[in-house]
Amino acid sequence: MANKIRVGALISGGGSNLQAIIDACESDQIDARVAFVGSDNPEADGLKRARKHGIPTFTVDYQAIIKETRGKPLENLVPEDFDLDTVLARQQLIVGPSERDHVTRFFCTRAIAENALLRHMAAYPFDLLVLAGFMRILTPYFIDRVNTNPSRPRIMNIHPALLPSFPGADGYGDTYRYGCKVGGGTVHFVDYGEDTGPVIGQKAFEITPEDTIDTVREKGLKLEWQLYPECIQLFAEGRLSVVSKTYTLKNGSKFNKKVVEIAS
Ligand code: GRF
């Protein structure tokens, strides 16, 4: 067996994906071990799952931070190494016209929370960070401090839809309501947009007329529990690389995309 990689996980809820990852680690199905579990939600059940397995946990209560900073000037509260202009130039979360004050407050409060996450994480060296139902958007402030080598991203997310369809908070719900005949899950590297990063792996399932939103979610989650450990193993084996591709379309315009190549 190869050396085990150290995986950090961020969660917000039940943590069934986290459980699948822990189980895959403990049964030596993948060359990894979980180094820590962090959450934005002190009530997340996934934290209990981690503690049961002796995995260190921590919480950064985003909701409390947002509440406590409401109406207060943020200049003295943001981390010392936070640069608003850099974050605004890189972010691809808020596009189009939006109120400058609102955008500034969004990125400042997130940087305060993300700095707290980073300070906790500093106690646990890790090779890969997995978002497993972490319901907060990560900004360039955080991403750049984890992805210290820009050509070797090391934050993964699992999304409950076949991206690029249905990004956002309710992938299975959106898939079902649209009347799709196929649903699925996607594991991707995290970039500066929302669910836009290079795709590592996908699994799909059929949606039949008998399905409800609940059975769609059940079918999807079962596949997620297989997909996430598989993608972590590809990372552990050093088989993932991100390459920039450029295609010329029929109308002559160029299409650029960073994609994941999987070495055989
Ligand atoms: C999963 O459907 C995942 O794709 C999405 O949030 C859900 C988390 O479920 N990002 P769990 O907490 O792992 O059970």
I'm checking my understanding of the structure. Among residues of segment 177-198 that are under 15 Å from K257 (Cα atoms) and away from the ligand (no atom under 14 Å from the Cβ), which one is surrounded by the fewest Cβ atoms within 10 Å (Cβ to Cβ)? G193
Show the residue pairs that are 6+ apart or on different chains and have beta-carbon atoms under 6 Å apart, the first residue being within segment 138-153 and within 19 Å of E80 (Cα to Cα), the second being part of a helix (DSSP H, G or I) and not β-branched (V, I, T). T139/F107; T139/R110; P140/R90; Y141/A111; Y141/E114; F142/E114; R145/L118
Just the residues that are closer than 25 Å to I262 by Cα and among the acidic types (D, E), please, taken from segment 98-154. D127, D144
Which residues, taken from segment 38-53, are away from the ligand (no atom under 13 Å from the Cβ) and part of a helix (DSSP H, G or I)? R51, K52
Selection within segment 237-264 - farther than 17 Å from P150 by Cβ and surrounded by 12 or more Cβ atoms within 10 Å (Cβ to Cβ): E237, R239, I262
Could you tell me how many of the residues in segment 119-176 are assigned to a loop (DSSP other than H, G, I, E, B) and near the ligand (Cβ under 10 Å from one of its atoms)? 8
Polar (S, T, N, Q) and loosely packed, with under 15 Cβ neighbours inside 10 Å: is that true of T86 in this structure? yes
Considering segment 212-242 alone, what residues qualify as being within 16 Å of the ligand (Cβ to nearest atom), in contact (Cβ under 8 Å) with a residue 12 or more places away in the chain and acidic (D, E)? E224, E230
From the set of residues in segment 9-37 that are more than 12 Å from the ligand (Cβ to nearest atom), assigned to a strand (DSSP E or B) and touching a helix residue (DSSP H, G or I) at 6+ places or on another chain (Cβ under 6 Å), which is nearest to G238 (Cα to Cα)? A32
Restricting the search to segment 205-237, which residues are assigned to a loop (DSSP other than H, G, I, E, B) and either within 26 Å of G15 (Cα to Cα) or in contact with a Cys (Cβ under 7 Å, 6 or more places away or on another chain) (or both)? I207, D211, T212, E237
For segment 54-70, enumerate the residues that are part of a loop (DSSP other than H, G, I, E, B) and in contact (Cβ under 8 Å) with a residue 24 or more places away in the chain. I55, P56, V60
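Any read-out appearing in this document is the output of simple, stated calculations on the displayed coordinates, not a laboratory observation. Quick caveat: nothing in here was measured; it's all calculated off a predicted structure. Methodologically, a virtual Cβ is constructed for each residue, glycine included, from the backbone with ideal geometry; neighbour enumeration extends over all protein chains shown.
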